[in-house]
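Student: Submitted below is the structure of interest, expressed as structure tokens.
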Amino acid sequence: MHDPIDDFVRNHWHVVGATDELRHAHERRTRLLGTPLRIIDGRRVQREAGAELPVRERFGYLWTTLGDGSADLFDFAEFHEADRRSFNGASMAVATSAGRAVENFVDFGHFPFVHPGVLGDPAHADVPPYEVRADAREVVATRCQSYQPRAAALSGEALQVEYAYRIPHPFCALLYKTNPIDTTRCDVIGLFVQPLDEERVCAHMLLSLLDDATSTTEIRDFQQTIFGQDKPILQSQRPLRLPLDPRAELPMRCDALSLAYRRWLHERGVTYGVIPINAAAV
């Protein structure tokens, strides 16, 4: 029987849940890459057949791998700063592929149209040129500019916000954005996508913020509202799997990061949850 999981994806560590939420249940059932799993006491992960899987805890999440775990699990320095609040902002099931979820997260060109009055304004829809680079470890975009009426739960006025993005994992991305109070530093939002199978995910959102004034409930409500606006857009995209051929969908100037991400997946030999170049859409 054909195994759809390529080695690059199989050997990575993948998130399976937020540790604060998992520890409240003796057993929780979930899936990863089409494989049924059991999480025991928030710390142990087993296949349904009983085989124990390796685990790591990082950023407040539990991670496991179906392969040899040879891929490094990325880090970011801001998470370890003492004055930050870091917690899971949401874990949301979405009927889409992991690649589509990551691509939507790094697509700031959709802000004026999907998040008007909050993250964007149709009167300020132009996307200035930004810089993209990629190497064997990650894809990075810098100097991403966006006019935002309400950039964060803490924001009280419209701001011209500068973003940077990192994609250090096939199905995880980090967003760095100007903090509305201390503009010399950045808030960081992480999207850690758990591929339940090739066309269903659970998207976990890490918030690592410089905000002592806003309650956790308010911050989560704000982020979940944004996430809720993205969800129907994601679920309506066809095909659900991410096409890696740049000719499959008409790119625009603002899609430079998306194109680099698709090329990066292709060069790593990713076939799980995507439509490889030269493959027919299914």
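The values are calculated or read from the model by the stated rules, or taken from the named source; none is laboratory data. These numbers were taken from a predicted model, which means no experiment stands behind them. We place every Cβ from the backbone using ideal geometry, glycine too, and count neighbours over all the protein chains shown.
Student: Which number in (1) at pLDDT 95 or above; (2) within 26 Å of Val140 (Cα to Cα); (3) touching a strand residue (DSSP E or B) at 6+ places or on another chain (Cβ under 6 Å) marks the one condition that Asp7 misses?
Tutor: For Asp7, the failing item is (3).
Student: Starting from the stretch 135-156, take each residue that is on the phi > 0 side of the Ramachandran plot and at pLDDT 55 or above and list its partners that are part of a loop (DSSP other than H, G, I, E, B) and not aliphatic (A, V, I, L, M), counting only C-beta distances under 9 angstrom and pairs at least six apart or across chains.
Tutor: Cβ pairs passing all conditions: Arg143/Pro128; Arg143/Pro129; Arg143/Tyr130.
Student: Another question, then. Scan the stretch 156-179 for residues that are in a loop (DSSP other than H, G, I, E, B) and farther than 17 Å from Arg10 by Cα and jot them down.
Tutor: Gly156, Glu157, Ala158, Asn179
Student: Let me ask you something else. Among residues belonging to the stretch 1-51 that are out of contact with any His (no Cβ under 7 Å at 6 or more places or on another chain) and among the acidic types (Asp, Glu), point out the one that is surrounded by the most Cβ atoms within 10 Å (Cβ to Cβ).
Tutor: Asp6
Student: Okay, moving on. Taking Gln224 as the residue in question, decide whether it is out of contact with any helix residue (DSSP H, G or I) (no Cβ under 9 Å at 6 or more places or on another chain), modelled with pLDDT under 90 and assigned to a helix (DSSP H, G or I).
Tutor: yes
Student: Could you check how many residues of the stretch 180-210 are surrounded by fewer than 20 Cβ atoms within 10 Å (Cβ to Cβ), of a type outside the set (Lys, Arg) and part of a loop (DSSP other than H, G, I, E, B)?
Tutor: Total meeting the criteria: 6.
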